[in-house]
Amino acid sequence: MDKGLKLILFLFMLPLAVATAAGKKPISEKQMSAYLMVFHRDDTHSLYMALSRDGYHFTALNNAQPVICGDTIAEQRGVRDPHIYRGPDGAFYLVATDLHIYAQREGKRSTEWERDGETYGWGNNRGLVLMKSKDLINWTHTVVNINEISPELADIGCAWAPETIYDEKAGRLMIYFTMRHKNGPNKLYYVYANNDFNRIETAPKLLFEYPDTKITAIDGDICYAQGKYHLFYVAHDGTPGIKQATSDSINNGWLYDPAWCDPEPTACEAPTVWKRIGEDKWVLMYDHYGQKVHNFGFVETTDFKTFRPLGHFNEGIMFATNFNQPKHGAVVQIMEKEAKRLEKTQK
């Protein structure tokens, strides 16, 4: 083969090689047969997993005990708000808030909060936990402190509820999360992470803020469906609840919708959307913390305009078979071999 032909073949194959290296091979929904839920509990500040074959009945793995203990992966020795995402490379990306709200009571910290509560507000953490796995069993992990990215971020009051999504236009993993400066209003920001998912490579940029900038917006969740990006978030506009914004872009141009998506009379937070396998139905799950015994609530939509209430766990058609009082969860579709591996490993 002459050098000219070799060069032509090299140039022809280069885009494919780059795409393969970047992990952009799509995984079909037809390969999926189960749902994996992650969540935390207030009594342990650790990571839990629950499995479902039908999307209605969820059973916690590891006999309903933590799959990963928060004090093994977080600087504050506790994690909250876990979110799991399957990247285009087939790997799983899990992020969580590095925060323990009862650390003083449990002897893990000498003060109620990491820093002065009057200056920095409730929680006032600075770190996120980034984790990556190819098999849902073995995980790498690192803590990224947002306040250390640049001097302008030294005074941040919190970095909460991170989530991951792949930005196809940028060709990068995007992490978005709640952040505020000192005790100011919370807003949603985004950054880009490296492929190894152990470093943040850009400074935070504003993703979304409430039209009334004095009102807090937290706990963003982005999904792409029906030709639009949908951002669900918590609006602290009166009783905290779930609202939606839409855009043609993954990180800007959000169109505000004043309608509430949840049916709850009391406060809820932590929205997350997941699609039912093989159906044009999406479930919006949220943390209903405003009732006496907190629980996950669910609504279902086919058009992202109307949301049919499904009730709470064990109070309707959704069931938690061996666990209760989960906090701030997320769900991802998985393959049967992945489900069986989890069941075998996390008995």
Pick from region 188-207, criterion under 16 Å from the mean Cα position of the chain (by Cα) and at negative phi, ranking: surrounded by the fewest Cβ atoms within 10 Å (Cβ to Cβ)
TYR192
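Determine, yes or no, whether ARG115 is more than 26 Å from THR164 (Cα to Cα), of a type in the set (Lys, Arg), in a loop (DSSP other than H, G, I, E, B) and in contact with a strand residue (DSSP E or B) (Cβ under 9 Å, 6 or more places away or on another chain).
Details: more than 26 Å from THR164 (Cα to Cα): yes; of a type in the set (Lys, Arg): yes; in a loop (DSSP other than H, G, I, E, B): yes; in contact with a strand residue (DSSP E or B) (Cβ under 9 Å, 6 or more places away or on another chain): yes.
Yes: the conditions hold for ARG115.
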Note down all Cβ pairs under 7 Å where the first residue falls in region 56-73 and is free of Cβ contacts under 8 Å to residues at least 40 places away in the same chain and surrounded by fewer than 18 Cβ atoms within 10 Å (Cβ to Cβ), the second is polar (S, T, N, Q) and not in a strand (DSSP E or B), and they're at least six residues apart or on different chains.
CYS69/SER46
Quick test for you: out of ASP287, ASP303, ASP257, ASP248, pick the one residue that is at negative phi and either surrounded by 23 or more Cβ atoms within 10 Å (Cβ to Cβ) or within 17 Å of the chain's Cα centre (by Cα) (or both).
ASP287
Among (1) at pLDDT 95 or above; (2) over 22 Å from GLY220 (Cβ atoms), there is one condition VAL95 misses while meeting the rest; what is its number?
(2)
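The values are calculated or read from the model by the stated rules, or taken from the named source; none is laboratory data. Here the structure is a predicted model, which means the values were calculated and not measured. Positions of Cβ are generated from backbone atoms using ideal geometry, with glycine treated the same way; all protein chains shown enter the neighbour counts.
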